[in-house]
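What follows is a set of notes on a single structure, which appears directly below.
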Amino acid sequence: MRVRVRQLRRGDAAGAVSIPEPLGFLPRQQIEDRPAARPVATWEVKYRRVVMASDLGSIVAVVLLVGSLVAHSSTANDFPPLLLAGATVIAVVASLTACRAWSTAVLGQEAEEFRRLGKAVVAAAVVLAVVSLGLGVPGVRGWIFLVVPAIALVAFPLRYILRQLLHSRRRAGRCLLPVMVAGSVETATDLIARTRREPHNGWRVEAVCAGGVAEPIGHGDIEGVPVVGHLDQLADRVRRGGYRVVAITPDPYWTPLRLQRLAWQLEGTSTEMVVAPVLMEVAGPRVHITGVLGLPLLRVSAPTFTGARRVVKEIVDKVGALLLLTILSPILLGIAAAIRLGDRGPALYRQQRVGKDGKPFTILKFRTMVVGADRHRAELLAGNEAAGPLFKMRRDPRVTPIGAVLRRFSIDELPQLVNVLLGTMSLVGPRPPLPKEVEAYGPDMLRRLLVKPGLTGLWQVSGRSDLPWDESVRLDLRYVEDWSLALDALILWKTVRAVLRGQGAY
């Protein structure tokens, strides 16, 4: 990503920087002349209301339909089902409110939205169980183990559908929050690149403040985004521009006192102040803000590789792999037969990969290349289209006709369910590396081996072979650092769409 900080030419109208309209950036003069307090966008209010209506509709519909079946089959008829239905609705709604599952800060953002929704559903079930046990209310078991889970089964997909509609609008340049970035040129450039690469997160950088008062930054632009002032002018620029978010990125200028004064100066505006920590790739459930001795401290807990959540993950892996193998067994046998009939070669391809803690294991795949394809790899090295230690070709001559179809929809990876069942892989995790790749790993990349490799992962749902090598490594490390059950569930859900689209599969 190239950085441009240039002086404007004399003759530029009102000092404006011409930015293409599709990017959504505004000329600097327009930015500086906007009204001071830009209110919360109408789309934010509407989207939150739609999400709340969706959740409430799901709760009421499930309680009426499933609850009536539970009440009809219950043997404890001495307690009015209507009261149990009302208690269930109140418990779930109260849990959603307490867990802040409707906060605009998380709606449409990463896995946190679904984590809070799941936490609220579990909390509602616990509350119902405790209250019914304490009051001796009969016939509540069906409401806890059937009605509440049914609410989750309806609410989660509806939330996902609403999120996809929001993300599609954001990719079209709508429903975005105007952002002012304040920091060094390097960190501002990085944040601008991230917002453009991932518009579904909802940020649109419209202006930058960079450099201290003594630095000759001047007015210009950074990657097409206008530089409207120095860091010491930030509060004034924000008040005049009415930005919804001020993103503070690392710069020597920022001291605790200056950040505190900036927060005071932004009080009373609609602007949210966001401070990017030095640990840019650590987020999610590992980061906590606490106050010690009057100082706000960012606590970063260690990644969780053991404990109850990991036990749940192991159970989900084994049960999920067994169910999928059972359901798909006729299809898998048919594919194996088609490969055998194609060229009389073996149906499965076995290859050494490196698993958790650096232990080697044999990965299973449907064979998609001609027999002895590895012997011809050296002849094709000049046509390698992959970065790093990987070898990939969009039109590899060794791929068989049926192999091309299997790769297109990732069907060749289904035998890895056996690896998951044997415990050498997980349903979700980093990409399983080759021994030659691991030999070239640096200390940071070795952290990928702290968890089991996965049948799918962030790399799978983010572009697969189309990803640059550095980006693939970053996604794997991000998964290791920020793992959670909610993130696993989101990745599994997105994998279905990624497989159907076939993007990056070759």
Quick check: Cα centre of the stretch 390-434 to Cα centre of the stretch 111-136, how many Å?
39
Counting just the Cα atoms, what span does the stretch 398-477 cover along each of its three principal axes? Round to the nearest Å and put the largest first.
40, 30, 23
What does the charge count around residue 418 come to, taking other residues whose C-beta lies under 13 Å from its C-beta (Lys +1, Arg +1, Asp -1, Glu -1)?
+1
Sparse-neighbourhood loop sites, trypsin sites (Lys or Arg not before Pro) in the stretch 89-118 - DSSP loop, at most 16 other Cβ within 10 angstrom
100
Among the listed pairs 318/494; 46/318; 313/359; 119/436, which are separated by more than 30 Å between their Cα atoms?
46/318; 119/436
Whole number please: convex hull volume per residue of the Cα set in the stretch 120-244, in Å³?
156
Long-range amide H contacts for residue 203: which residues qualify at under 5 Å (H placed 1.01 Å from N, peptide plane, sequence gap of 5 or more or a different chain)?
177
If a paramagnetic tag sat 7 Å from the Cα of residue 394 along the Cα-Cβ line, which residues of the stretch 466-500 would have the backbone N under 12 Å from that point?
466
Quick one: the Cα spread of the stretch 46-144 along its three principal axes, in angstroms, biggest first?
44, 25, 16
So for the pair residue 153, residue 418, with labels modelled 7 Å out along Cα→Cβ, what separation do we get in nm?
3.2
At a Förster distance of 35 Å, what's the computed FRET efficiency of residue 469 paired with residue 359, Cβ-Cβ distance as r, to 0.05?
0.90
Can you give the net charge of the other residues whose Cβ lies under 13 Å from the Cβ of residue 314, counting K and R as +1 and D and E as -1?
+4
At what distance in nm do the modelled label points of residue 318 and residue 53 sit from each other, each positioned 7 Å from its Cα along Cα→Cβ?
4.6
For residue 165 and residue 42, extending 7 Å from Cα along the Cα-Cβ vector and measuring point to point gives, in nm, a value of 1.7
Residues whose placed amide H lies under 5 Å from that of residue 349, excluding near-sequence neighbours:
365, 366, 367
Neighbourhood net charge (15 Å Cβ-Cβ; Lys/Arg +1, Asp/Glu -1) for residue 126
+2
Solvent accessible area, Å² - residue 469, 1.4 Å probe, full protein context:
30
Once amide H atoms are built 1.01 Å from N in the peptide plane, which residues 5 or more positions from residue 220, or in another chain, come under 5 Å H to H?
227
Quick tally, 1.4 Å probe accessible area for 412, 190, 357, sorted with the most first, runs 357, 190, 412
Along the charge dipole of the stretch 49-128, which of 122, 52, 62 sits closest to the positive end, that is, farthest toward it, with unit charges on the beta carbon of Lys, Arg, Asp and Glu (+1, +1, -1, -1)?
52
With every protein chain present, what accessible area does residue 366 have (1.4 Å probe, heavy atoms only), rounded to the nearest 10 Å²?
10
So residue 73 and residue 261, fully extended at 0.36 nm per residue minus their Cα-Cα distance, gain in nm 61.4 nm
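The values are calculated or read from the model by the stated rules, or taken from the named source; none is laboratory data. No experiment lies behind these values; they were computed from the predicted model shown. Here Cβ is always computed from backbone atoms with ideal geometry, including for glycine, and neighbour counts include all displayed protein chains. SASA here: full protein model, heavy atoms, side chains in, ligands and nucleic acids out. Shrake-Rupley method; radii C 1.70, N 1.55, O 1.52, S 1.80 Å.
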